[in-house]
Amino acid sequence: MNVAYYPDDAVVKWNQPVLALGNFDGLHRGHMKIIDRVRRRAGERAGTPAAMTFDPHPPRVVRPDKAPALLMTKDQRIEALGRSGMQGVAVVRFTHEMSQWEPEAFVRAVLVEWLHVVEVWVGANFLFGHERAGNYSVLRSLGARYGFRAEKIDPVRYKDFVVSSTRIRRLIAEGRVDEAGALLGHHYFIDGVVVRGAGRGRGIGVPTANLQSANDLAPPPGVYATTVTIDDGVVRPAVTNIGLRPTFGDVDAPVVETHIFDFDRDLYDRSLRLSFVQRLRDERAFPDVDALRAQIDADCRSARRLFSRISL
């Protein structure tokens with residue numbers, strides 16, 4: 001996969017790029033419908049299936065006080081687009097100056113003169129340009145003027161809901177990680193590095209990996225059935241506590257602690273991916289360490305029962 005950055009990379013030589021245009025935060029089921037259509041159309045044209053995304057996320061430039069916490073970092077988004085079959089990913093550096101561009105200026109400078117697109121696909125609600133003045137109709141009209149085809153994908157529904165990054169963020173913020181995963185089409189995950197903690201888990205016979213993550217959004221305090229993928233690529237079942245460790249009262253900001261089942265290797269300073277499968281319970285304080293340990297054992301049994309019914 002080739003990654004190009006605007007405006008840093010002056011020349012992009014992709015053959016007849018068919019482009020998926022959007023933010024693609026989370027790369028959910030709705031995004032994947034656009035991606036799948038782009039792959040098919042690029043194959044029919046013998047062109048390059050490509051996706052364009054923006055960094056930073058435009059609301060962080062235009063209205064930073066209202067910008068949402070993102071589901072993915074830029075690197076996670078690029079990785080996911082590559083796994084989805086995109087041969088090219090164009091990352092547009094979004095600035096305050098660009099936010100003032102009229103829709104035609106963006107289309108001419110980025111889509112036409114930089115990428116030389118032959119076809120562009122967007123979601124039905126995609127907006128672009130100064131004060132979000134550009135919509136699908138504007139894009140299609142500009143495509144006719146500049147010589148590329150513009151098409152749209154209607155919103156995707158899952159059961160009773162329209163799939164959107166906004167809805168998924170809300171579900172995760174409420175701890176409803178299983179519902180979020182259903183809309184995403186994959187478990188919600190965060191990446192991070194294992195750092196040293198107080199060692200309390202190992203002291204009570206349940207060693208944990210303390211994760212320090214660059215992701216914006218973590219589920220709220222509670223206990224979760226999770227999976228862990230370390231750099232060997234093996235997916236392992238686990239149980240994760242997010243919170244303030246109220247039984248001990250020794251932290252003032254939420255920490256992420258993961259106990260990996262049947263695993264006892266040193267993970268300090270190693271990277272891992274933590275995927276959230278289902279919320280098990282709220283975090284709560286216990287009268288003593290023995291009561292805490294009994295509850296951890298119960299949590300592990302609950303998670304193991306869940307994993308016995310599903311595929312990792």
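For the reader, a short list of remarks on this structure follows.
- Footprinting exposure proxy for Arg301, Arg108, Arg169 (fewest neighbouring C-beta atoms within 10 Å first): Arg301, Arg108, Arg169
- For region 2-158, the gyration tensor built on C-alpha atoms gives a rounded shape. Its axis ratio a/c (a ≥ b ≥ c) stays under 1.5.
- Rounded to the nearest 500, the helix-only mean residue ellipticity at 222 nm of the chain stands at -8500 deg cm²/dmol, with each DSSP H run of n ≥ 4 adding -39,500 (n - 2.57).
- Largest GNM mean-square fluctuation across Ala238, Ala180, Ala285, computed for the chain with C-alpha springs under 10 Å, falls on Ala285.
- Sorted by Cβ density within 10 Å, fewest first, the residues Ile310, Ile242, Ile230: Ile310, Ile230, Ile242
- Each label point was placed 7 Å from the Cα along the Cα-to-Cβ direction; for Ala144 and His186 their separation is 3.8 nm.
- Projecting the Cα atoms of Leu292, Ser308, Val92 onto the charge dipole of the chain, computed from C-beta unit charges around the Cα centre, puts Ser308 farthest toward the positive end.
- Treating r as the C-beta distance of Tyr5 and Glu283 and R0 as 35 Å, the FRET efficiency rounds to 0.25.
- Separation of alpha-carbon centers, region 145-174 and region 221-299, rounded to whole Å: 32 Å
- Exposure proxy shown here: for Ile78, Ile35, the number of other Cβ atoms within 10 Å sets the order, fewest to most, as Ile78, Ile35.
- Among complete DSSP H helices in the chain, those whose alpha-carbon atoms stretch at least 18 Å along the helix's long axis and whose mean Kyte-Doolittle hydropathy reaches -0.5 are 289-309.
- Taking each residue as 0.36 nm, the span from Arg157 to Ala124 lengthens on full extension beyond its C-alpha to C-alpha distance by 10.6 nm.
- Relative to the current alpha-carbon distance between Asp290 and Ala105, full extension at 0.36 nm per residue lengthens the span by 60.1 nm.
- Space enclosed by the convex hull of the alpha-carbon atoms of region 187-309, per residue, Å³: 102 Å³
- Computing semi-axes √(5λ) of the Cα gyration tensor in Å for the structure here picks out one of (1) 42, 19, 18; (2) 37, 26, 19; (3) 45, 27, 13, namely (1).
Values in this text are rule-based calculations from the coordinates and carry no lab data. Remember, it's a predicted structure, so these values are computed and weren't measured experimentally. Every residue, glycine among them, receives a Cβ derived from its backbone with ideal geometry; neighbour counts consider all protein chains shown.
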